[in-house]
Amino acid sequence: MLFRLSFVPFEFCCCFYCCLKHFFFIMAPRNRDNPIRAKTLLQEGRSQQYVANLLGVNQSTLSRLARRLRETGDVRRRPGQGRKRADLARDDRFLTLNSLRDRTLTAIKFQGMLDDTTRGAQVSKRTVRRRLGKVDLRARCPARCPILSSSCALEN
C-alpha cells in the first residue's frame with residue numbers, strides 16, 4: 001500500500017523505517033562508556049569534531065564535556081545539578097509510613113495529607129506515586145482466583 005503526503009517528494013515503501021530515516025535524524029544510542037572514551041581521545045589530542053563523529057554525538061555535546069573536563073578534571077556530572085526537590089526526605093518517610101499503615105489510601109489522599117502537614121510546598125499526585133514507587137509501594141491488582149463453590153468451601 002502506497003501513501004503520498006503533500007510534503008513528501010517520494011512514495012512510502014514497504015519498510016517504514018527506511019522512509020523515516022530520510023525525515024528524522026536517528027540519534028546514536030547512549031552509552032555510559034562514551035564520556036570516558038571521549039575523555040581519552042581528547043587527551044590524546046584528537047579534535048572535538050573527530051571525536052564527535054567517531055562516537056556519533058553532536059560537537060556541542062563534546063564541547064560541554066571538554067569544558068567540564070578542563071574545569072573539574074572529570075567527565076561525570078556535577079552533583080547538585082537539576083531542579084531542587086519541593087519535598088524533603090522527612091516527607092518521603094511520612095508517605096512510606098502512612099501508606100504501610102493504611103494500604104487503601106490513594107495518591108490524591110496522600111497529596112492532601114502532605115499539603116496539610118508540610119510547610120506549604122505543593123506536591124503533585126504524580127510525585128507522590130513516584131516517591132512511593134521508589135520504596136516499591138506501587139498500586140497492585142489483587143490476585144485472581146477461581147471462585148469456590150459452596151461444596152468446596154465446606155470441605156476446607
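Quick notes on this one:
- Summed over segment 93-127, the residues that are basic (K, R) and surrounded by 10 or more Cβ atoms within 10 Å (Cβ to Cβ) give a count of 4.
- Scanning segment 37-70 for residues that are surrounded by 11 or more Cβ atoms within 10 Å (Cβ to Cβ) and not in a helix (DSSP H, G or I) gives R46, S47, G56, V57, N58.
- For segment 77-92, a residue qualifies if it is over 30 Å from T40 (Cβ atoms) and either loosely packed, with under 11 Cβ neighbours inside 10 Å or at pLDDT 90 or above (or both), and the qualifying residues are R83, K84, A89, R90.
- Matching entry among L55, L95, L137, L69 (being in contact (Cβ under 8 Å) with a residue 24 or more places away in the chain, in contact with a Ser or Thr (Cβ under 7 Å, 6 or more places away or on another chain) and of a type outside the set (S, T, N, Q)): L137
- Residue match in segment 113-128 (condition: modelled with pLDDT of 75 or more, of a type outside the set (A, V, I, L, M) and more than 24 Å from the chain's Cα centre (by Cα)): yes
- Yes/no for D74 being in contact with a helix residue (DSSP H, G or I) (Cβ under 8 Å, 6 or more places away or on another chain), modelled with pLDDT of 80 or more, surrounded by 11 or more Cβ atoms within 10 Å (Cβ to Cβ) and acidic (D, E): yes
The values are calculated or read from the model by the stated rules, or taken from the named source; none is laboratory data. Keep in mind that this is a model prediction, so the values were computed, not measured. With ideal geometry, Cβ positions are generated from the backbone for all residues, glycine too; neighbour counts draw on all protein chains shown.
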